[in-house]
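Enquirer: If you scroll down you'll find the structure; I have some questions about it.
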Amino acid sequence: MLDAFSRAVVSADASTSVVGDLSSLKTFIAEGNRRLDAVNAIASNASCMVSDAIAGMICENQGLIQAGGNCYPNRRMAACLRDGEIVLRYVTYALLAGDASVLDDRCLNGLKETYAALGVPVTSTVRAVQIMKAQAAAHIKDEPSEARAGAKLRKMGSTVTDDRCASLVAEASSYFDRVIAALS
């Protein structure tokens, strides 16, 4: 995994020159706190996000929890929740670094083939990832659904939703889209 600094050094080293593009590094530093806030918003709500995404997936396909379904018995449900947490964790790693290579190398490489071999339904998995994508965008913008959260509503306290926030939402969404593309 390469962060912005490592990429700049590797690129300069390959061309045997000094690091020349300092403006992109300055931008990365300036966005650092916002990037950390976005990752914190996702990570601090990860277990709820994953369980809600899996529950939403099951609500749309009740056959998953019936005998013979992919979330039946409990150990399969636990594996589904575990996989959702792993995907979400690697998306946060990619968002923190601003680089998708860790997501590609350690999470998505061979995932489709593994799921095909295990008989995991791709459409249901993709739906759970889509739900997590929507939740992540809401948490990064600090706009979680008050109607659904009720007394458990947690806001991070960030009141700024400008173009930089929109760019982080777009970046996080692109990582979820990579997961969806890798599964499809």
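Enquirer: Helix-only mean residue ellipticity at 222 nm, the chain, DSSP H runs n ≥ 4 weighted -39,500 (n - 2.57), per residue, nearest 500. What is it?
Expert: On the way: 9 runs with 123 residues, N = 184.
So the helix-based figure for the chain works out to -21500 deg cm²/dmol.
Enquirer: A further question on this structure: Measure off 7 Å from each Cα along the Cα-to-Cβ vector at residue 76 and residue 22, then give the distance between these two points in nanometres to one decimal.
Expert: For residue 76 paired with residue 22, the spin-label model returns 5.9 nm.
Enquirer: Follow-up question, since we're still on this one. What number of lysine-lysine pairs in the chain show an alpha-carbon separation below 22 angstrom, given a sequence spacing of 8 or more or placement on distinct chains?
Expert: For the chain, the number of qualifying lysine pairs is 6.
Enquirer: Answer rounded, prolate or oblate for the chain, using the Cα gyration tensor with square roots of eigenvalues a ≥ b ≥ c: rounded when a/c is under 1.5, else prolate when a/b is larger than b/c, else oblate.
Expert: Values: a/c = 3.12, a/b = 1.47, b/c = 2.12.
Oblate, because a/c is 1.5 or more while a/b does not exceed b/c.
Enquirer: Would any residue of the stretch 68-94 have its amide N under 14 Å from a label point 7 Å out along Cα→Cβ of residue 118? List them or say none.
Expert: Within reach of a label on residue 118, which here means backbone N under 14 Å from a point 7 Å along Cα→Cβ, the stretch 68-94 contributes 70-88.
Read-outs: derived from the displayed coordinates by stated rules, not from any lab. On a predicted model such as this, the values are computed, not experimentally measured, just so you know. Every residue, glycine among them, receives a Cβ derived from its backbone with ideal geometry; neighbour counts consider all protein chains shown.
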